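Beneath this line is the structure, given in structure tokens, with notes to follow.
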Amino acid sequence: MPEAVALSIDQVTKKFGGLVAVDKMSFQLKEHEVLGLIGPNGSGKTTMLNLVSGMLRLTSGRIELLGKNITGRSASGINRRGLSRTFQLVRMLPSMTVAENVAAGGVFGFRRYWNEELERRVNYMLSHVGLGDKAMMPAATLTYIDQKRVELARALMSDPKVLLLDEWLAGLNPTEMKIGINLVSGLRFEGRTIVVVEHHMGAIRSLCDRCIAMNSGAKIAEGKPSDVLSDPEVIRAYLGEDDA
Amino acid sequence: MKRWELYGLLISIFGFTLAALLPLVNTGYALSLGVTIAMYTVLSTSWALFSGPTHYISLATAAFFGLGMYAVGIGIELLSFPVLIGIAAIIGAVLAGFIGLATLRLSGVYFVIFTLGLAELIRQLVTWVQTTMGASSGLYVITDINEKIIYWQLLGLAAFVYLIGWWINRSRLGFALRIIGNDEDVAKHSGIPTATVKVLLFMVSGSIAAATGAIVAPRWTYIEPTLAFSPMLSFLVVIMALIGGSHRLWGPILGVIPFTLVWDLITAKFPNQTALMLGIAFLLVVYAIQRGFAGLGEKYWGKFKFWRDFNA
């Protein structure tokens with residue numbers, strides 16, 4: 001039986017004045033699928049994620065989450081319908097502890113917890129991402145990889161149907177990168193539905209079922225990661241006309 | 001209930017009981033000072049309910065307070081005083097709702113300027129209405145409500161504010177406010193309807209400020225816009241809350257008591273130097289005690305705990 005469509009993007013366009021940041025993008029994400037979104041800097045990947053998560057309003061087009069139209073919905077409304085995300089630049093709640101940072105994702109979202117249930121869920125998520133012993137630490141004092149873990153745990157707290165990871169592996173050193181890839185691989189094996197925006201091609205190859213390449217706001221290639229990454233147009237987009 | 005909450009409750013009950021006895025001991029200067037302290041305690045604490053966790057600095061307190069006063073000034077011949085306090089609270093909540101819907105998508109300095117401008121606009125509007133339609137520039141509030149009753153009413157309202165604050169801090173609403181204050185985008189992407197939460201809390205805060213204005217109205221006998229909508233009131237409330245520490249429910253009162261005592265002394269002895277004191281107080285908050293006396297106390301208590309644990 002074919003998997004149901006979790007996320008459907010139809011002719012989505014975003015203009016900032018005269019600049020077309022996303023140009024008639026269309027794609028679908030099936031349940032339990034991990035989709036990679038790649039492209040050079042400024043190609044519109046993060047803008048695409050911001051449109052899906054409700055951080056930005058579409059200029060035109062339609063987005064459906066689990067068959068329901070979420071076009072023009074607020075970020076909070078979309079989150080409550082089952083979509084969570086991490087941010088390109090990690091965003092901690094600096095005056096809160098690690099446990100409170102993680103708890104923030106599970107009180108108002110798709111699934112909601114409170115009191116003992118919340119405590120149990122936070123403890124579970126913290127140990128899941130390897131932060132079990134740091135629950136009471138101020139979040140602002142954590143290392144970069146640990147802050148990334150907190151953000152991931154926060155996004156997973158409400159057990160979302162779709163997870164958007166915006167350059168979650170960026171800025172990690174090689175050792176941290178291995179830890180990070182293992183963590184995201186773990187999510188894949190749990191059967192989560194994920195959109196991964198990433199520059200690390202090794203991670204795209206090992207994590208994604210399918211991959212979409214963007215350039216200048218438009219889709220230039222779609223398919224298996226190995227096919228997309230060897231596509232001449234994708235290579236040209238990354239390296240430029242002369243070097244390709 | 002946790003142990004520290006029980007201690008807090010017992011200390012609060014003791015404090016309120018002690019404070020309630022003041023009119024039985026002194027009905028002169030001390031009671032008058034008590035009314036001022038109780039008034040600013042209610043205003044600063046209710047201001048901090050919203051502005052403390054969200055960091056949205058509102059300078060609209062005078063607008064709510066003044067409307068509460070005018071509700072009593074206009075209705076005192078027609079309705080009973082408790083009903084007027086209720087009406088004032090509703091007016092405050094409605095006005096805060098409108099301001100919230102219009103401005104809470106703004107943040108930072110834009111919100112501050114808007115709230116200050118709005119309070120001034122309402123003051124000018126009331127002045128214009130009174131001078132063009134009324135016979136005088138103010139209203140008389142002649143009642144048999146004395147300072148003793150005003151004091152007890154303010155004390156009751158203060159207890160109500162602390163109860164609401166305690167409940168909010170324990171609730172999902174309080175948690176949502178803290179998340180909003182840390183990072184509004186994270187809050188939105190965690191499912192929090194940020195605009196609704198902020199408007200709701202702003203309405204609570206505005207409603208309490210208006211009720212305070214209504215309770216205090218009989219104290220002044222004659223109210224006029226320059227007095228009721230004084231921008232100085234908005235600034236004083238902010239500075240007292242910040243000096244005390246707006247991140248804690250019990251923080252503002254730590255600023256209200258010393259500030260009111262010093263302010264009272266300055267206005268009596270050096271009436272021309274009040275602005276200077278306000279300036280010094282702002283500098284103190286910005287440069288020395290960003291988290292107020294409450295933050296300072298917590299810092300030293302933390303050090304003390306470390307020293308105590310170290311020597312244990």
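Tabulated results
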read-out	value
Residue that is among the hydrophobic types (A, V, I, L, M, F, W, C), under 26 Å from residue A:201 (Cβ atoms) and either within 10 Å of chain B (Cβ to nearest Cβ) or without any contact (Cβ under 8 Å) to a residue 60 or more places away in the chain (or both), where the choices are A:136, A:177	A:177
Inter-residue pairs, beta-carbon under 6 Å, first on the phi > 0 side of the Ramachandran plot and in region B:236-262, second buried (at least 23 other Cβ atoms within 10 Å of the Cβ) and of a type outside the set (A, V, I, L, M, F, W, C), 6+ apart	B:245/B:251; B:245/B:292
Qualifying residue in region B:186-196 (condition: closer than 28 Å to residue B:12 by Cα and either away from chain A (no Cβ under 14 Å) or among the aliphatic types (A, V, I, L, M) (or both))	no
Answer residue from region A:71-113, given it is in contact with a helix residue (DSSP H, G or I) (Cβ under 6 Å, 6 or more places away or on another chain), more than 8 Å from chain B (Cβ to nearest Cβ) and in contact (Cβ under 8 Å) with a residue 60 or more places away in the chain and is surrounded by the most Cβ atoms within 10 Å (Cβ to Cβ) among those	A:86
Failed item in (1) out of contact with any His (no Cβ under 6 Å at 6 or more places or on another chain); (2) surrounded by 15 or more Cβ atoms within 10 Å (Cβ to Cβ), with residue B:101 passing the rest	(2)
Members of region B:44-61 that are out of contact with any Gly (no Cβ under 9 Å at 6 or more places or on another chain) and modelled with pLDDT of 95 or more	B:47
Helices (runs of 4 or more DSSP H) contained entirely in region A:142-244, each with at least 2 residues that are under 18 Å from residue A:90 (Cβ atoms) and in the same structural domain as residue A:50 (by TED's automatic domain parsing)	A:174-189
Pairs, first on the phi > 0 side of the Ramachandran plot in region A:139-166, second buried (at least 20 other Cβ atoms within 10 Å of the Cβ) and modelled with pLDDT under 95, C-beta under 8 Å, six or more apart	A:159/A:110
Region B:133-184, residues that are more than 20 Å from residue B:69 (Cα to Cα), away from chain A (no Cβ under 14 Å) and without any contact (Cβ under 8 Å) to a residue 24 or more places away in the chain	B:163, B:167
Residue count for region A:22-66, restricted to those that are within 14 Å of chain B (Cβ to nearest Cβ) and among the acidic types (Asp, Glu)	0
Number of the exception - residue B:212 against (1) of a type outside the set (Asp, Glu); (2) at pLDDT below 95; (3) buried (at least 20 other Cβ atoms within 10 Å of the Cβ); (4) within 18 Å of the chain's Cα centre (by Cα)	(2)
Subset of region B:278-295 (residues that are under 18 Å from residue B:232 (Cβ atoms) and either among the β-branched types (Val, Ile, Thr) or within 19 Å of the chain's Cα centre (by Cα) (or both))	B:278, B:280, B:281, B:282, B:285
Residue within region B:223-232 that is crowded, with 21+ Cβ neighbours inside 10 Å, touching a Leu at 6+ places or on another chain (Cβ under 7 Å) and part of a helix (DSSP H, G or I) present	no
Residue within region B:104-121 that is over 19 Å from the mean Cα position of the chain (by Cα), in a helix (DSSP H, G or I) and modelled with pLDDT of 90 or more present	yes
Residue check for residue A:136: surrounded by fewer than 23 Cβ atoms within 10 Å (Cβ to Cβ), more than 21 Å from residue A:84 (Cα to Cα) and not assigned by TED's automatic domain parsing to the domain that holds residue A:50	yes
Among (1) of a type in the set (A, V, I, L, M, F, W, C); (2) surrounded by fewer than 19 Cβ atoms within 10 Å (Cβ to Cβ); (3) in contact (Cβ under 8 Å) with a residue 12 or more places away in the chain - the single one residue A:189 does not satisfy	(3)
Search result, residues across region B:18-29 that are surrounded by 12 or more Cβ atoms within 10 Å (Cβ to Cβ), within 24 Å of the chain's Cα centre (by Cα) and closer than 23 Å to residue B:263 by Cβ	B:19, B:22, B:23
For residue A:26: the one exception among (1) more than 19 Å from the chain's Cα centre (by Cα); (2) surrounded by fewer than 17 Cβ atoms within 10 Å (Cβ to Cβ); (3) modelled with pLDDT of 95 or more	(1)
In region A:114-133, the residues that are within 14 Å of chain B (Cβ to nearest Cβ) and hydrophobic (A, V, I, L, M, F, W, C)	A:114, A:118, A:122, A:125
Check on residue A:227, of a type outside the set (A, V, I, L, M, F, W, C), modelled with pLDDT of 90 or more and more than 19 Å from residue A:42 (Cα to Cα)	yes
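Every residue, every condition in (1) out of contact with any Asp or Glu (no Cβ under 7 Å at 6 or more places or on another chain); (2) under 27 Å from residue A:81 (Cα atoms); (3) buried (at least 20 other Cβ atoms within 10 Å of the Cβ), yes or no:
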site: A:116; (1), (2), (3): yes, yes, no
site: A:128; (1), (2), (3): yes, yes, no
site: A:152; (1), (2), (3): yes, yes, yes
site: A:165; (1), (2), (3): yes, yes, yes
site: A:173; (1), (2), (3): yes, no, no
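The values are calculated or read from the model by the stated rules, or taken from the named source; none is laboratory data. Quantities reported herein were computed from a predicted structural model and do not represent experimental measurements. When we count neighbours, we look across all protein chains shown, and the Cβ atoms used for this are built from the backbone with ideal geometry, even at glycine.
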